[in-house]
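This report concerns only the one structure given below.
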There are 2 protein chains.
Amino acid sequence: MERILHFERAEYATRLAAVKAEMSKRGLDILLISEPPNQNYLTGYDAYSFYTPQMAIVALDRDEPIMITRGMDAASSRITTYLSDDSIRGFPDSYVNSTERSAYEFIAKIVQELGSEKAVIGVEMGGYYYSARAHADLVKALPQARFEDADLLVNWIRLVKSPAELVFMRQAGLIGDAVIKRVIETAEPGVRECDLAAAAYHQEISGTPEFGGTYNSSVVHLCIGERALAPHSTWTDKPLSNNTVINFEIHGTRRRYQINVSRTLYLGKPSIDYVKLADIAIEALNAGLDSVRPGQACSEVFAAFHKVLARNGIEKDQRIGYPLGIGYPPTVAERTASIRREEKTVLQPGMCFHMMTGLWLGDQSVTITQPFAITEKGCEPLTHTPRTLIVK
Amino acid sequence: MERILHFERAEYATRLAAVKAEMSKRGLDILLISEPPNQNYLTGYDAYSFYTPQMAIVALDRDEPIMITRGMDAASSRITTYLSDDSIRGFPDSYVNSTERSAYEFIAKIVQELGSEKAVIGVEMGGYYYSARAHADLVKALPQARFEDADLLVNWIRLVKSPAELVFMRQAGLIGDAVIKRVIETAEPGVRECDLAAAAYHQEISGTPEFGGTYNSSVVHLCIGERALAPHSTWTDKPLSNNTVINFEIHGTRRRYQINVSRTLYLGKPSIDYVKLADIAIEALNAGLDSVRPGQACSEVFAAFHKVLARNGIEKDQRIGYPLGIGYPPTVAERTASIRREEKTVLQPGMCFHMMTGLWLGDQSVTITQPFAITEKGCEPLTHTPRTLIVK
């Protein structure tokens, strides 16, 4: 079977070495990786199979990770990872949604097979795919092991993208631009909201003639009219009416590397006050982006952004940025650095963020955002659509 | 703000009463509901916000559930639930992805406010959105409470759909038929796999002229050529070639009620052996469906299905069915009854399942499936596309 690998073997080796170095530093013998983006990062594994238990095991004294999935998904390990046969394991289907047996017992047996019953084992305690019961089952099955919280260990390493990853981030950005264009073309009074969403999805998945797209980690947001005040709304069947605010967030996703970007589209003629609000949002966003450079703390970027808002009497306590990279549901955000008031993380070249002016004030709202990568000197936008209020 | 509610208040009241009755039976004072489909079922809440902590609290002695989300998502509670203002709570943004504070401390404070510090509290230990750390933080913040595993308590109640829910399941089925049609029309040698996927997504989201669609809980699967052997693969940028097997799984989703359905599309002229394999798959599927009626155990349906395979020398250990209903990522399957060899759950009118013949044998595979509802007398198909191998 032909393998589909999107990076050189050397790239995976570098990633694994960085993870092992951090494990050594923390005294971990074994790292159990339940988060799909972390599994993808270290092995290449890619399939929509993470709704059943799956685990990548990194052992300090083993060359390759082991990838454990449901039996039928071992085929995806063989196609999408670089792993040798002995590192690809599948559990019988009787473990799936069983009330009698736990797939984590199967996983624990493989830890024992590695001679690591008494090991110090790192687990991703705060991960989306590591339930309270998963942890309880593992602890019970490995009574002599010591468990340590290693949540975000891999995420912090993923935060800085390699040149090869940045290639995909830029391609994702080009797809994002195509999606924005498609949304603007499609939105008209009378078009059903679901048909506008359908056009956005079509473009996200189709991508560009050069770079095919794929599914995103979240959903297209179409926050329209009254629902514009609910930031994570989707859409209805209703036709668009004139004089309506459409806050939309769309994505470009290339080989699981994803950018998010928002714009506000005003159908009709906006009021002078509304245009003024949008201008403030754009000025704040640009001030934030202008302040981006290696060595700057996230809090300093927030301060540059917020200074513009404060000068206009607007207070915003929400974070204004999160990291972008490998996206699997439910989110692309890596749960590490946020751009916000108190965040001390220092920017480095290769990090990618989504900076968001999302203002929801009384009955008015505007969302104009920018995904970007940090370069040696400053900030490289990953999409190229102008940062303006779109009026149609 | 106008509320968007898809069911009568009486329907929500019936659901809540059923959950409270089960809580009483188990001696639970409080139920903490972290699973998005269960939150939607009990309150109507619908937004793509569950990547940050959110919780519905049902207290035996309180009329309404309380819905807790991130502060900015309280707007979605006000729009999509029937809850009064006092039952809608939001936590400050400083809790989001914080390494210093936990949103579960905020949630625990609301439990204390209910006078329930010493309560018996049910939690969904095996849920997708209840991490090992979420549980640890709650236990720490409520040292006098007793925690019980109440995973699937709501899911088992959801298993039987009401007449009003079945209306949406049927509409979802009609959308599914439209998507299958669109895939067949679009697939041609030379078309990129991503463009075929894009067409499927477009139809899923657009729906039909009568019933707009929405996002599904999973992804479109296009398991093509060699990747046909990997059941949970997606797609590539490659153009389709002639003489290719396309196993596709698509969805119809209506107001979060979702059906899944698969077909195999053969581009070109299949071999006699392959057609024979497809015929066996269809005969097994039909035998399984014919055996469906209230009072029958899941294991008996499996036996009827498997008898056809066994007669043809084929052994299948995987489950052949899972429940359908409210879909949120990562899956619509409710983690309750599976149609498989040892499952004793007895079928009742109103339950909905996806029955799957997925055969992956050596280098051949075929996937022809049927979503259905159980009626008073037997089985009502939710999609109406004929169960055949599609050759184009």
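Structural remarks
- Criterion (buried (at least 20 other Cβ atoms within 10 Å of the Cβ), of a type in the set (A, V, I, L, M) and in the same structural domain as B:S131 (by TED's automatic domain parsing)) met by exactly one of B:A18, B:A56: B:A56
- Of all residues in region A:155-169 being in contact with a strand residue (DSSP E or B) (Cβ under 8 Å, 6 or more places away or on another chain) and part of a helix (DSSP H, G or I), the one that is nearest to A:Y129 (Cα to Cα): A:R158
- Hey, A:E22 of a type in the set (D, E), away from every other protein chain (no Cβ under 14 Å), in contact with a helix residue (DSSP H, G or I) (Cβ under 7 Å, 6 or more places away or on another chain) and closer than 23 Å to A:F168 by Cβ or not: no
- Qualifying positions in region B:187-224 - more than 11 Å from chain A (Cβ to nearest Cβ) and modelled with pLDDT of 95 or more: B:A187, B:E188, B:P189, B:G190
- For region A:110-121, the set of residues classified as farther than 19 Å from A:S87 by Cβ and in contact (Cβ under 8 Å) with a residue 60 or more places away in the chain consists of A:V120 only.
- Strands (runs of 3 or more DSSP E) completely within region A:184-293 that count 3 or more residues being crowded, with 22+ Cβ neighbours inside 10 Å and hydroxyl-bearing (S, T, Y): A:257-267
- Scanning region A:350-381 for residues that are more than 14 Å from A:L289 (Cα to Cα) and not β-branched (V, I, T) turns up A:G350, A:G358, A:L359, A:W360, A:L361, A:G362, A:D363, A:Q364, A:S365, A:E376.
- Tally, over region B:333-355, of residues that are touching a Pro at 6+ places or on another chain (Cβ under 8 Å), crowded, with 23+ Cβ neighbours inside 10 Å and within 14 Å of chain A (Cβ to nearest Cβ): 5
- Qualifying residue in region A:356-367 (condition: buried (at least 24 other Cβ atoms within 10 Å of the Cβ) and in contact with a Leu (Cβ under 7 Å, 6 or more places away or on another chain)): yes
- Residues that are in a strand (DSSP E or B), touching a residue at least 40 places away in the same chain (Cβ under 8 Å), of a type outside the set (V, I, T) and under 27 Å from A:P329 (Cα atoms) do occur in region A:135-154.
Residue by residue, here is whether (1) among the aliphatic types (A, V, I, L, M); (2) in contact (Cβ under 8 Å) with a residue 12 or more places away in the chain holds:
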site: A:A310; (1), (2): yes, no
site: A:Y322; (1), (2): no, yes
site: A:E334; (1), (2): no, yes
site: A:V346; (1), (2): yes, yes
site: A:V366; (1), (2): yes, yes
site: A:E380; (1), (2): no, no
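- Qualifying position, being without any contact (Cβ under 8 Å) to a residue 40 or more places away in the chain and in contact with a strand residue (DSSP E or B) (Cβ under 8 Å, 6 or more places away or on another chain), among A:S87, A:S34: A:S87
- When residues of region B:96-116 are limited to those that are of a type in the set (G, A, S) and in contact with a Pro (Cβ under 9 Å, 6 or more places away or on another chain), the one surrounded by the most Cβ atoms within 10 Å (Cβ to Cβ): B:A103
- Figure legend. Inter-residue proximity from region A:225-237: first residues more than 7 Å from chain B (Cβ to nearest Cβ), second residues outside any loop (DSSP other than H, G, I, E, B) and among the hydroxyl-bearing types (S, T, Y), beta-carbon distance below 6 Å, spacing 6+ or different chains. Indicated pairs: A:G225/A:T244; A:A228/A:S365.
- Out of A:G313, A:G358, A:G362, sole residue that is of a type in the set (G, A, S), farther than 30 Å from A:Y45 by Cβ and within 11 Å of another protein chain (Cβ to nearest Cβ): A:G358
The values are calculated or read from the model by the stated rules, or taken from the named source; none is laboratory data. Here the structure is a predicted model, which means the values were calculated and not measured. Reconstructed Cβ throughout: ideal geometry from the backbone, glycine too, with neighbour counts over all protein chains shown.
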